[in-house]
Amino acid sequence: MAMTLNDLKRLDPKKIGSWPILPKLGVLFITLALIVLASYWFDWQHQIEGINQEKVKEEGLRKTFLTKKSEAINLPAYQKQLEDIEKQFGALLKQLPGRSEMDALLTDINQAGLGRGLQFELFKPAAQETRRDFYAELPISIKVTGSYHDIGAFASDIGKLSRIVTLENIALASAGKGGGLALEALAKTFRYLDDDELAQQRRAVAAKKGGKK
């Protein structure tokens, strides 16, 4: 038999044990719901947040582990790659003359032009080198005159030297009444720094960094 609103109003809260089954179940459900909500608000919420944080940490550790595992597996390949790079670097370094070889290199550049029948109107090395991390570069202002073919052959010979030499800021113009062409360019030669110079370079870099603090 269904209960009316009046029947519910007549129920005595102090005698819940004597209530009909449906009101009892309703009160039990509401009480259970309040207990669950209170537990979530005062306890479970913080536990769930902690669990989620631990899950994030676990995922980060898992990714770190997989990265380290991949690095460990590929370590021999990395070591071989590093050895190859060092060999290539060493080969390039051998193409840079030392301080004592610079005069011979300047002579080679001069001879490359004279060997092609060119006339040097200007061959002026800079008064000071520009130092980089492990090498120094020396710019040389040059101006030569000759035929188009000979000037092209000279530029090719420069590129074939055993030491690294580059030609920059190249300008070609008529040589004037005598015919032919005039080539003006900035040739750059490079040499490696010796141990003392490297140490001096490191001190200069360290001092510069210290001065910026």
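Please state which one of Ile164, Ile170 is among the β-branched types (Val, Ile, Thr), in contact (Cβ under 8 Å) with a residue 60 or more places away in the chain and touching a strand residue (DSSP E or B) at 6+ places or on another chain (Cβ under 7 Å). Talk me through it step by step, then tell me what you get.
On the way: Ile170 fails: in contact (Cβ under 8 Å) with a residue 60 or more places away in the chain.
One residue alone meets the criteria, Ile164.
Within region 177-194, take every residue that is within 28 Å of the chain's Cα centre (by Cα) and part of a strand (DSSP E or B) and give me the one that is modelled with the highest pLDDT. I'd like the intermediate steps shown before the answer.
In the first step, residues of region 177-194 are kept if they are within 28 Å of the chain's Cα centre (by Cα); the result is 188-194.
Going one step further and asking which of them are part of a strand (DSSP E or B), we end up with 188-192.
Numbers: Lys188: 89, Thr189: 85, Phe190: 81, Arg191: 79, Tyr192: 76.
Taking the candidates together, the pick is Lys188.
Of Glu168, Glu197, which residue is within 19 Å of Leu105 (Cβ to Cβ), in a helix (DSSP H, G or I) and within 29 Å of the chain's Cα centre (by Cα)? Before the answer, list the steps.
Details: Glu168 fails: in a helix (DSSP H, G or I).
Unique residue meeting the criteria: Glu197.
In region 185-208, what count of residues is obtained for those that are of a type outside the set (A, V, I, L, M) and either surrounded by 16 or more Cβ atoms within 10 Å (Cβ to Cβ) or touching a helix residue (DSSP H, G or I) at 6+ places or on another chain (Cβ under 9 Å) (or both)?
If we filter region 185-208 for residues that are of a type outside the set (A, V, I, L, M), which is where we start, we get 188-192, 194-197, 200-203, 208.
Imposing the further condition that a residue be either surrounded by 16 or more Cβ atoms within 10 Å (Cβ to Cβ) or touching a helix residue (DSSP H, G or I) at 6+ places or on another chain (Cβ under 9 Å) (or both) reduces the set to 188-192, 194, 197, 201.
Number satisfying all stated conditions: 8.
Report whether or not Ser156 is modelled with pLDDT of 90 or more and in contact with a Lys or Arg (Cβ under 6 Å, 6 or more places away or on another chain). So that I can check it myself, show each step before the final result.
On the way: modelled with pLDDT of 90 or more: yes; in contact with a Lys or Arg (Cβ under 6 Å, 6 or more places away or on another chain): no.
For Ser156, the condition - modelled with pLDDT of 90 or more and in contact with a Lys or Arg (Cβ under 6 Å, 6 or more places away or on another chain) - is not met.
Could you list all residues from region 147-168 that are among the polar types (S, T, N, Q) and touching a Leu at 6+ places or on another chain (Cβ under 8 Å)? It would help to see each step written out before you state the result.
Let us first name the residues in region 147-168 that are among the polar types (S, T, N, Q), namely 147, 156, 162, 166.
Residue satisfying the conditions is Ser147 alone.
Inside region 143-164, can you point out the residues that are closer than 15 Å to Gly115 by Cβ and of a type in the set (A, V, I, L, M)?
Val144, Ile151, Ala153, Ala155, Ile158, Leu161
Regarding Lys14, is this residue of a type in the set (D, E, K, R), at pLDDT below 75, in a helix (DSSP H, G or I) and loosely packed, with under 10 Cβ neighbours inside 10 Å? Before the answer, list the steps.
Details: of a type in the set (D, E, K, R): yes; at pLDDT below 75: yes; in a helix (DSSP H, G or I): yes; loosely packed, with under 10 Cβ neighbours inside 10 Å: yes.
Yes, satisfied.
The values are calculated or read from the model by the stated rules, or taken from the named source; none is laboratory data. This is a predicted model, so every value here is computed, not measured. A quick note on method: Cβ atoms are made from the backbone with ideal geometry, for glycine too, and the neighbour counts reach across all protein chains shown.
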